[in-house]
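A short worksheet on the structure shown next.
The values are calculated or read from the model by the stated rules, or taken from the named source; none is laboratory data. Source: prediction; values computed, not measured. FYI the Cβ positions are ideal-geometry reconstructions off the backbone, even for glycines, and counts take in every protein chain you see. Areas reflect the complete protein model, heavy atoms only, side chains present, ligands, DNA and RNA absent. Shrake-Rupley method; radii C 1.70, N 1.55, O 1.52, S 1.80 Å.
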Amino acid sequence: MFTTLTQVALGGAIGASLRYLSNVGAMRLFGPGFPYATLFVNILGSFAMGLLVVTLAKKGGTALAPFLMTGILGGFTTFSTFSLDTFTLWERGQPLTALAYIAASILLSLAALAAGIYLARGALA
């Protein structure tokens, strides 16, 4: 049988390929004005994560989680994992922690992106 790392790697290749194809398809259909592909994969990936987390747990298929959830969905969109983490906190009765996680994820990720851009622009100027 495949090792867990192999499952994640193979699933990641599939997920990343699906993401690429989604981007190409959305660009052809809608043009570059709005990030439709990103929105689509985030919504679809989150929906699929919801289906998988319950189905795999109830049907004893957690051995497939590295391939399906971490690999395919992780390669397709990490937003599905963010959504699952947020929902889990909320369901555990930690709504303030869930909201803090949302705010921190968005604000710190945008700040890190900006820092990376400015650092690279300065270094490559």
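A compact table of results
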read-out	value
Between 0 and 90°, nearest 10: helix 36-58 axis offset from the chain longest Cα axis	20 degrees
Distance in nm between pseudo-label sites at Thr55 and Phe87 (7 Å out along the Cβ direction from Cα)	1.3 nm
Ellipticity estimate at 222 nm from DSSP helix runs (n ≥ 4, -39,500 (n - 2.57)) divided over the chain, nearest 500	-26000 deg cm²/dmol
Between helix 95-124 and the chain: long-axis angle, C-alpha atoms, 0 to 90°, nearest 10	40 degrees
Pairwise FRET efficiency - Ala13 versus Ala63, Cβ, R0 = 22 Å, nearest 0.05	0.70
Degrees separating the helix 4-30 axis from the principal Cα axis of the chain, which is the longest one	50 degrees
Among Met27, Met49, Met69: highest mean-square fluctuation, GNM of the chain, C-alpha pairs under 10 Å	Met27
Separation between Cα centres of segment 79-108 and segment 1-47, rounded to whole Å	22 Å
List Ser105, Ser80, Ser17, ordered by accessible area with a 1.4 Å probe, largest first	Ser17, Ser105, Ser80
Surface accessible to a 1.4 Å probe, Thr81 within the full protein complex, Å²	50 Å²
Cα gyration tensor shape of segment 47-125, rounded if a/c is under 1.5, else prolate or oblate by comparing a/b with b/c	oblate
Per-residue ³J(HN,Hα) for segment 74-91, Karplus 6.51 cos²θ - 1.76 cosθ + 1.60, θ = phi - 60°, Hz, x for Gly and Pro	x, x, 6, 6, 7, 4, 5, 5, 4, 5, 5, 4, 5, 5, 4, 4, 4, 5
About the Cα centre, charge dipole magnitude for the chain (Lys/Arg +1, Asp/Glu -1 at Cβ), debye	160 debye
Highest-MSF residue in the chain out of Ala104, Ala115, Ala16 [GNM, Cα springs under 10 Å]	Ala115
Cα gyration tensor, segment 1-111 - rounded (a/c under 1.5), prolate or oblate	oblate
Cα→Cβ-extended label distance, 7 Å offset, between Ala111 and Leu29, nm	3.6 nm
Rh (Kirkwood; distinct C-alpha pairs) - segment 6-50, Å	11.3 Å
For the chain, built as a Gaussian network whose Cα springs stay under 10 Å, the top-fluctuating residue of Ile106, Ile72, Ile14	Ile106
Area of Leu119 that stays accessible when all protein chains are in place (1.4 Å probe, Å², to 10)	130 Å²
